[in-house]
């Protein structure tokens, strides 16, 4: 059935028939207020049910668990309320009340009508949305019904409601007070606008009033016992239990204990199938998620000045999620190079000498050292670059390497011996 969206004048009100159908209402501050059953002795009135009777007359379904409804119960988004042979009143703190007829089931979160009939009297302006509808109400009273054949009927007692198919199967239809809309399944043809009888309108309002004003039964003192609510066991009165109530502690603890959950564990790069409490790593409900989480991530590796795309476990250097970071980390740094006594500003990989981060260190490292120079048989203390001979760090080594040079004596021509005679 295509969704039906109803919008009131001055605000939004949405009613939808989504297989089977829904009308949305804000879920905040919602409570199952009371349950009432027709009085067997007087069919003109309803009698409010006590805790024992209520548990068998309606049920609340929460996170897949069913427990008997013992009003008042605070309802949460996602809770479902199903009535049997009793009617129910759900109270919305900010907006008013919704009455559920017998054999009706709704889901809270927006008020999704799964089957049956509800009557709502809403005060104030509010809006809400769900997957299929958008709702807003301002002082509107209406009846919304999903019949066994999945047909939807809406009766407006007060206000004006604009209804349209969310699938655009038919043009918008405005329903005024004292009018009704009937949309047969599967909601592909324009709905029929009807005029309900005055008797029906009065009967709807009177029925809702009788349920809300049901005669209260004598209320015996609430028994004390053990309540399992959200995984916690507490000892309190039954009417204060927001979960499942038990007469003995053992039953409450057994019901509250979460069953061991089996699944897939990713621990230290290994995937194993075991219980959640046995997993020392990350736990997943399916194997694919665990394997995906456990697989070494791909990325960019900076290793020895080279950037490569590979798995983290294959990276022998620094691993990065993006290429830019890896390239930035891998780029040879700029600095000062002392090479052959000369200081230059260049990349580390371009430096053939010693590399320094700052200029002062490079200049200090590049300054010619002082020492002892052996040059032409003479030992002098000077810089290496001033030494024209062999350079030594200590004087003794220079002296040992530099013995004095012996030169032949110079003869005085005046004292030279006479030349030998020439023999002819």
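The values are calculated or read from the model by the stated rules, or taken from the named source; none is laboratory data. Predicted model only: the values in this text are computed from it and were never measured. Ideal geometry is used to build each Cβ from the backbone, glycine not excepted, and the neighbour counts take in all protein chains shown.
Assorted remarks:
For (1) in contact with a strand residue (DSSP E or B) (Cβ under 6 Å, 6 or more places away or on another chain); (2) surrounded by 14 or more Cβ atoms within 10 Å (Cβ to Cβ); (3) assigned by TED's automatic domain parsing to the domain that holds residue 114; (4) within 22 Å of residue 100 (Cα to Cα), each residue gets a yes or a no:
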{"position": "154", "(1), (2), (3), (4)": "yes, yes, yes, yes"}
{"position": "171", "(1), (2), (3), (4)": "no, no, yes, no"}
{"position": "174", "(1), (2), (3), (4)": "yes, yes, yes, no"}
{"position": "177", "(1), (2), (3), (4)": "yes, yes, yes, yes"}
{"position": "196", "(1), (2), (3), (4)": "yes, yes, yes, yes"}
{"position": "199", "(1), (2), (3), (4)": "no, no, yes, yes"}
{"position": "204", "(1), (2), (3), (4)": "yes, yes, yes, yes"}
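- Neighbours by Cβ (under 6 Å, 6+ apart or cross-chain): first from the stretch 184-203, in contact (Cβ under 8 Å) with a residue 60 or more places away in the chain; second in a loop (DSSP other than H, G, I, E, B) and surrounded by 12 or more Cβ atoms within 10 Å (Cβ to Cβ): 185/1; 185/150; 185/151; 186/1; 187/1; 187/2; 188/169
- Residues of the stretch 60-75 include none that is modelled with pLDDT of 90 or more, in contact with a strand residue (DSSP E or B) (Cβ under 9 Å, 6 or more places away or on another chain) and not in a strand (DSSP E or B).
- Subset of the stretch 232-250 [farther than 17 Å from residue 73 by Cβ and loosely packed, with under 15 Cβ neighbours inside 10 Å]: 235, 247, 248, 249, 250
- Meeting the requirement of 1 or more residues that are touching a strand residue (DSSP E or B) at 6+ places or on another chain (Cβ under 7 Å) and closer than 30 Å to residue 321 by Cα, the strands (runs of 3 or more DSSP E) wholly within the stretch 229-305 are 262-267, 270-275, 282-284, 298-303.
- Matching residues in the stretch 238-259 - criterion: being over 18 Å from residue 65 (Cβ atoms) and either in the same structural domain as residue 31 (by TED's automatic domain parsing) or modelled with pLDDT of 90 or more (or both): 247, 248, 249, 250
- Long-range neighbours under 7 Å by Cβ, at least six apart or interchain, first residue at positive phi and in a strand (DSSP E or B) within the stretch 98-124, second buried (at least 21 other Cβ atoms within 10 Å of the Cβ) and modelled with pLDDT of 85 or more: 116/100; 116/104
- Any hit, the stretch 90-102, residues being modelled with pLDDT of 90 or more, farther than 30 Å from residue 252 by Cβ and surrounded by fewer than 22 Cβ atoms within 10 Å (Cβ to Cβ): yes
- When the stretch 371-393 is filtered for residues that are in a strand (DSSP E or B) and surrounded by 13 or more Cβ atoms within 10 Å (Cβ to Cβ), the ones remaining, listed by number, are 371, 372, 373, 374, 375, 379, 380, 382, 383, 390, 391, 392.
- Test: residue in the stretch 353-369 that is within 30 Å of residue 272 (Cβ to Cβ), surrounded by fewer than 18 Cβ atoms within 10 Å (Cβ to Cβ) and modelled with pLDDT of 85 or more: no
- Qualifying residue in the stretch 31-53 (condition: within 39 Å of the chain's Cα centre (by Cα) and outside any strand (DSSP E or B)): no
- Residues that are outside any helix (DSSP H, G or I) and without any contact (Cβ under 8 Å) to a residue 24 or more places away in the chain, drawn from the stretch 316-332: 316, 317, 318, 319, 320, 322, 331
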